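The values are calculated or read from the model by the stated rules, or taken from the named source; none is laboratory data. Here the structure is a predicted model, which means the values were calculated and not measured. Ideal geometry is used to build each Cβ from the backbone, glycine not excepted, and the neighbour counts take in all protein chains shown. Heavy atoms of the whole protein, side chains included, go into the accessibility calculation; ligands, DNA and RNA do not. Shrake-Rupley method; radii C 1.70, N 1.55, O 1.52, S 1.80 Å.
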Amino acid sequence: MKRVLIAEDDPDIADVLRQALADRLDVEADAVANGALVMDSVAVGRPDLLILDVGLPGLNGLDVFDLLRSDAHWQGVPVLFLTALPEQAERANAATGVHEVIAKPFDVDALIARAQHLMGAARKTEIAA
């Protein structure tokens, strides 16, 4: 079963995402509320997708993204930024491989479609390698 890690400090949004992903994509979806917990969670097990809020407390989402991209082991993990600051996410990471950015408030159907696409694209890359 595929695993999605949701990094979101708003528990209501995290619950909506976790439930929608589990119900509609049949994935295991875990949520963490700050950047340090993202790093702990990916160290335990590589997710098939990381949904990352920019405005996380402590290590923000941009810092987490930079840390993950600086380690070759994590470079292949697709990242979907879900943020109230979409321009900041796109501008800060334009040269480093931002995969997708969705602005809050968001449409759950669109997010599910992008998540499914990113996980499928990552799987094709693994098969080709």
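State the number of residues belonging to the range 41-57 that are touching a strand residue (DSSP E or B) at 6+ places or on another chain (Cβ under 8 Å) and assigned to a helix (DSSP H, G or I).
Residues flagged as touching a strand residue (DSSP E or B) at 6+ places or on another chain (Cβ under 8 Å) and assigned to a helix (DSSP H, G or I) within the range 41-57 amount to 2.
Against the condition small (Gly, Ala, Ser), in a helix (DSSP H, G or I) and open to solvent by 50 Å² or more (accessible area, probe 1.4 Å), how does residue 14 come out, does it pass?
No, not satisfied.
Considering each residue of the range 17-41, count those that are in contact (Cβ under 8 Å) with a residue 24 or more places away in the chain and open to solvent by 70 Å² or more (accessible area, probe 1.4 Å), and give that number. Even if it seems obvious, please write down each step before you answer.
Taking the range 17-41 first, the residues in contact (Cβ under 8 Å) with a residue 24 or more places away in the chain are 17, 20-21, 24-35, 37-39, 41.
Of the ones still in play, those that are also open to solvent by 70 Å² or more (accessible area, probe 1.4 Å) are 24, 26, 28, 37.
Adding up the residues that qualify gives 4.
Test of understanding: among 98, 44, 4, 32, which residue is at pLDDT 95 or above and either small (Gly, Ala, Ser) or out of contact with any Pro (no Cβ under 9 Å at 6 or more places or on another chain) (or both)?
Testing whether each residue is at pLDDT 95 or above and either small (Gly, Ala, Ser) or out of contact with any Pro (no Cβ under 9 Å at 6 or more places or on another chain) (or both) leaves just 32.
When residues of the range 42-58 are filtered for being surrounded by fewer than 18 Cβ atoms within 10 Å (Cβ to Cβ) and in contact (Cβ under 8 Å) with a residue 24 or more places away in the chain, how many remain?
5
Could you check, for the range 62-74, whether at least one of its residues is under 15 Å from residue 2 (Cα atoms), more than 11 Å from the chain's Cα centre (by Cα), open to solvent by 20 Å² or more (accessible area, probe 1.4 Å) and free of Cβ contacts under 8 Å to residues at least 60 places away in the same chain?
We begin by selecting, within the range 62-74, every residue under 15 Å from residue 2 (Cα atoms); these are none.
The answer is no; no qualifying residue exists.
Of everything in the range 1-11 that's charged (D, E, K, R) and closer than 19 Å to residue 105 by Cβ, which residue is surrounded by the fewest Cβ atoms within 10 Å (Cβ to Cβ)? Step through it out loud before you land on a result.
In the first step, residues of the range 1-11 are kept if they are charged (D, E, K, R); the result is 2-3, 8-10.
Subsequent filtering for residues that are closer than 19 Å to residue 105 by Cβ retains 8-10.
Details: 8: 25, 9: 17, 10: 13.
Per the stated criteria, the residue is 10.
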